[in-house]
1. Just checking: which of the helices (runs of 4 or more DSSP H) contained wholly in the range 112-222 hold 2 or more residues that are at pLDDT 95 or above and crowded, with 17+ Cβ neighbours inside 10 Å?
2. Within the bounds of the range 76-87, is there any residue that is within 16 Å of the ligand (Cβ to nearest atom), farther than 22 Å from residue 147 by Cα and either over 37 Å from the mean Cα position of the chain (by Cα) or in contact (Cβ under 8 Å) with a residue 40 or more places away in the chain (or both)?
3. Please go through the range 353-380 and give me each residue that is surrounded by fewer than 15 Cβ atoms within 10 Å (Cβ to Cβ) and farther than 23 Å from residue 276 by Cα, ordered by number.
4. Within the range 319-348, how many residues turn out to be within 26 Å of residue 277 (Cα to Cα) and part of a helix (DSSP H, G or I)?
5. For residue 106, all conditions in the list (1) away from the ligand (no atom under 16 Å from the Cβ); (2) farther than 29 Å from residue 146 by Cβ; (3) modelled with pLDDT of 90 or more; (4) in a loop (DSSP other than H, G, I, E, B) hold save one; what is the number of the exception?
6. Closer than 26 Å to residue 110 by Cα and either more than 16 Å from the ligand (Cβ to nearest atom) or in a strand (DSSP E or B) (or both): does that describe residue 23?
7. When you check residue 91 against the structure, is it in contact with a strand residue (DSSP E or B) (Cβ under 6 Å, 6 or more places away or on another chain) and within 16 Å of the ligand (Cβ to nearest atom), yes or no?
Ligand SMILES: [Zn+2]
């Protein structure tokens, strides 16, 4: 598109023709939402730079006030500041103002507050809101490219948004939480996320997956908050268990090792049995288990008729993996028992079967389940599951993919809060017009 001609067509070019100068200034003042004492003094358009410069000045001279304590102060000096604003017909648009600094007895030399931007930002609030809206839907790289921003500038806007959101958030009082780990960047670096399973939001993101990671959350929640917890769903991971036992009263009745994680452990065990057996069979020229990995891992209830027809002879065979699979499926069936006594009896029966299976990977999971009996029975009888936070985990995987791997833990943490924290992210000057999307 020929932008210069488009500009000329709308009569904003140079102000020698078309709309009179004054109404253009007024027009921009309205677009930016300026009120007294600020007004647009002039607008310049540069076609060579494809840029619109909006000069803003203070019309009246009301008393200057400290941005921190709002006390009237004497002026110190004035500085020219620029803010990137929403583009005007594809031209980069900048707001330029001489902004006074005041000298406050308590807070020292500070720049007075301006209504169009938050302190310290080089973007107007409307522009930051635009970036926030785009970040919800597109990758970091796409947002940077489309809005002509550097990666660091996008990250800075996201960081400020999250900080605002966390500062505004009411103190959470969750009753059901899920604790999860997720890896990022290099495969062995982790963050721990704590999810409110009822509200479906991430409450907390901590470094690593150590006891200290979860300790920090509980410390933040406080003694009362910890006492209010009714269920803590997690994987059978010793540091999380230790932390929860130390902070949550009657933890052993509240820790829940949910169906999801147990299914995952058993699924891994079945796959390990399959791999070993496949090797042995192939050495003897038997290819029955080649390319069958996903048949063993798939939920049989979701198989199509033809998938079932292919799978049935394997399932009914005398292969070791068929035995491992049957043990796993039996465990999944135990989630039907909701009465504690029954659930316990059935799990014990299952354990006896699994431990006599002569399949090492299965025996290992069986021992792990036995060691965490109470939590497994709790999960079976309360029906609390980490499914919600597993959903959050897959969203986190998306965040990782769209950001092409965060090299920096801080950014990864911010992105998790940004997308999953349920926070009010917009600059405060826009809070009234932009409610939570
Ligand atoms: Zn002050």
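The values are calculated or read from the model by the stated rules, or taken from the named source; none is laboratory data. This one's a predicted model, so the numbers in the text were calculated from it and none came from an experiment. Counting neighbours? That spans all protein chains shown, and the Cβs are built from the backbone with ideal geometry, glycine included.
1. Hits in the range 112-222: 125-137, 151-168.
2. yes
3. 370, 371
4. To start, the set of residues in the range 319-348 that are within 26 Å of residue 277 (Cα to Cα) comprises 319-333.
Subsequent filtering for residues that are part of a helix (DSSP H, G or I) retains 320-333.
So the answer is 14.
5. Only one criterion is unmet by residue 106, namely (1).
6. no
7. On the way: in contact with a strand residue (DSSP E or B) (Cβ under 6 Å, 6 or more places away or on another chain): yes; within 16 Å of the ligand (Cβ to nearest atom): no.
For residue 91, the condition - in contact with a strand residue (DSSP E or B) (Cβ under 6 Å, 6 or more places away or on another chain) and within 16 Å of the ligand (Cβ to nearest atom) - is not met.
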